[in-house]
1. Please label the shape of the stretch 317-370 as rounded, prolate or oblate, based on the square roots a ≥ b ≥ c of the eigenvalues of the alpha-carbon gyration tensor (a/c under 1.5 means rounded; beyond that, a/b larger than b/c means prolate, else oblate).
2. Under 13 Å from a point 7 Å along the Cα-to-Cβ line of residue 497: which residues of the stretch 36-60 have their amide N that close?
3. Using the count of nearby Cβ atoms within 10 Å as a rough guide to exposure, how do 105, 349, 137 rank from fewest to most?
4. Which value does Rg/Rh take for the stretch 251-379 over its C-alpha atoms, Rh per Kirkwood?
5. R0 = 22 Å: FRET efficiency of residue 97 with residue 47, Cβ-based, nearest 0.05?
6. Could you let me know the centre-to-centre spacing of the stretch 403-431 and the stretch 328-345, using Cα atoms, in angstrom?
7. Multiply the residue separation of residue 429 and residue 234 by 0.36 nm, subtract the distance between their alpha-carbon atoms, and state the gained length in nm to one decimal.
8. Can you pull a Stokes-Einstein diffusion coefficient for the stretch 367-451 at 37 °C (0.692 mPa s), Rh from Kirkwood over Cα pairs, as a whole number of µm²/s?
């Protein structure tokens, strides 16, 4: 039996470090060796007995089980169930202690296992350097990035002469006013981390500035970009702040310089700045969309961002035409469902991938010509079989690391891979010379570059709403959560327990 023990000091408060480490499914967000992770069966990330199934950047797959977790002692332990390496009997534990005189954290990471004698030194070095020391460095880097964002926000706050807060980036400051009109309830991220960091709070809400409107939200959209903001992967949100980029509601008040909108107008939006996870907010009206009577608040909040995205993906990034063969990943998701229906309407043959048989039935009802359950078979092989070895003209891939290589392999000569998300992690580095074997085109579209002005946004909104009116696409009723239960929505989204869109509903 080999015993390995490594320790370090992290220059951050112990609770901040523990918030990162206690998420048993969060190591793919900070450890450089891990490409993707999921909790089997949808168990909570802190449930003793839960099993995480994860994939390394080199393709190796592992399963580990949580044996114990104590918030009081800031300790967790886990064991290895399956691995591509002979780490027999591997059991590991993490333990944190505060270093009170400097507000830092002592982190000890230890394990024991039985390696083959001839590979003992190799495997001890792998665990010591490739897992533990690399993990120490990765968490330090993550905290450094977060602290840099907090410092920038603090410096910006100090530069403001008067204590007037704009709500375009809601701030979770103590509320001293007794006037209820000066506050609103919102989901606040006080520090980056897991879904547990989404907490309902009262935050300050000043009167709208002359160039702003105040919106009372009726329905709020939930999107994977909100997960990236909550975890700190994207820096659109700087704690303390309110996530969310999509909602529908009613204008309650308009500033003196606002034209074209007035109190009582029904509107929706799908744009930064973040702040949609709130009952009310102030924002500039530039990218607001006026809602007609035939577009419900629920459809707008659940589908505007996804519908606009589907519009430019299918018409601008790659103009799908009759006879094209199209591959769509995560086809049972919110945007995936729209892509499947719309691409078929445009005359394409649609090949869709999903993670389960239940989701396959959903996508079949939407009109996909072929559905591949990628957990049961290699989707690239299946694509080549279905196309007689030709491959697809375009692959729409929002999954990222898990599917990128297979998407490339699925393309036809002069095929186009549209990588518009990375739910399973970044795709890594690729040698562009490899794309020459099929003269492939790779795109990485940014939502803002197609929607950041009214002139850019309006055609996509009009196209999406017209597709709804004509029945080209049908938006299923979204899964609803109370605003206070935003954390549950994120857990379900990340665990892939849902199909279609998710929305939050504020209180009255």
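No value in this document is a laboratory result; all are computed from the given coordinates. If you're wondering where the values come from, they're calculated on a predicted model, not measured in any experiment. Cβ coordinates were reconstructed from backbone atoms using ideal geometry, including for glycine residues, and neighbour counts include every protein chain displayed.
1. Since a/c reaches 1.5 and a/b is larger than b/c, the shape of the stretch 317-370 is classed as prolate.
2. 39-47
3. Neighbour counts put them in this order, fewest first: 137, 349, 105.
4. Dividing the radius of gyration by the Kirkwood radius yields 1.09.
5. Working from the Cβ atoms, E equals 0.35.
6. 17
7. Gain on extension, residue 429 to residue 234, equals 68.3 nm.
8. The calculation lands on 242 µm²/s.
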